[in-house]
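All remarks here apply to the structure that follows.
Coordinate-derived values only; no laboratory data. As the structure is a prediction and not an experimental result, all values here were calculated from the model. Methodologically, a virtual Cβ is constructed for each residue, glycine included, from the backbone with ideal geometry; neighbour enumeration extends over all protein chains shown.
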Amino acid sequence: MPIIRADSGIITQINMFIVPDGGQQPLIDLLQEAAESCRTVPGWISASLHRSLDGRRVVNYAQARDQLAMRRVFEHLLSSGFLERNKALGEAHPGLYEVACTVE
């Protein structure tokens, strides 16, 4: 389950993909497969996949306990071939973030 709380130490990767027409579901399927494979990586927390209503973008919101855990997740995805497979389905725009503030 995603944890959205300031000062938690949790690292969030927000990766926005631009996909060709009809490309959302194939990328979502691959990202879901990748996320399920990360469940065994120490420190991995969750991944949430979002599709834009215009059909052109997919956003992956993934979390790990800290930067070291996020590095382990990245290494797992790289060595498992998921990052290369993602490139064939969409143009990625990733970034690492920490929660600065939440308002409820």
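Among the residues of the range 12-39, write down those that are over 16 Å from Glu91 (Cβ atoms), touching a residue at least 40 places away in the same chain (Cβ under 8 Å) and out of contact with any Pro (no Cβ under 9 Å at 6 or more places or on another chain).
Within the range 12-39, Glu33, Ala34, Ser37 qualify.
Since Pro94 meets every condition but one in (1) within 10 Å of the chain's Cα centre (by Cα); (2) surrounded by 15 or more Cβ atoms within 10 Å (Cβ to Cβ), which condition does it not meet?
The number of the failed condition is (2).
Within the range 5-19, can one find any residue that is surrounded by fewer than 18 Cβ atoms within 10 Å (Cβ to Cβ), over 29 Å from Val103 (Cα atoms) and not β-branched (Val, Ile, Thr)?
Scanning the range 5-19, I find no residue that is surrounded by fewer than 18 Cβ atoms within 10 Å (Cβ to Cβ), over 29 Å from Val103 (Cα atoms) and not β-branched (Val, Ile, Thr), so the answer is no.
Which of the residues belonging to the range 53-82 are under 16 Å from Val19 (Cβ atoms) and free of Cβ contacts under 8 Å to residues at least 12 places away in the same chain?
Leu53, Asp54
Find the helices (runs of 4 or more DSSP H) located wholly in the range 14-104 whose residues include 1 or more that are hydroxyl-bearing (Ser, Thr, Tyr), and list them.
24-38, 67-79
Are any of the residues in the range 68-85 aromatic (Phe, Trp, Tyr) and more than 11 Å from the chain's Cα centre (by Cα)?
Checked the range 68-85: at least one residue is aromatic (Phe, Trp, Tyr) and more than 11 Å from the chain's Cα centre (by Cα).
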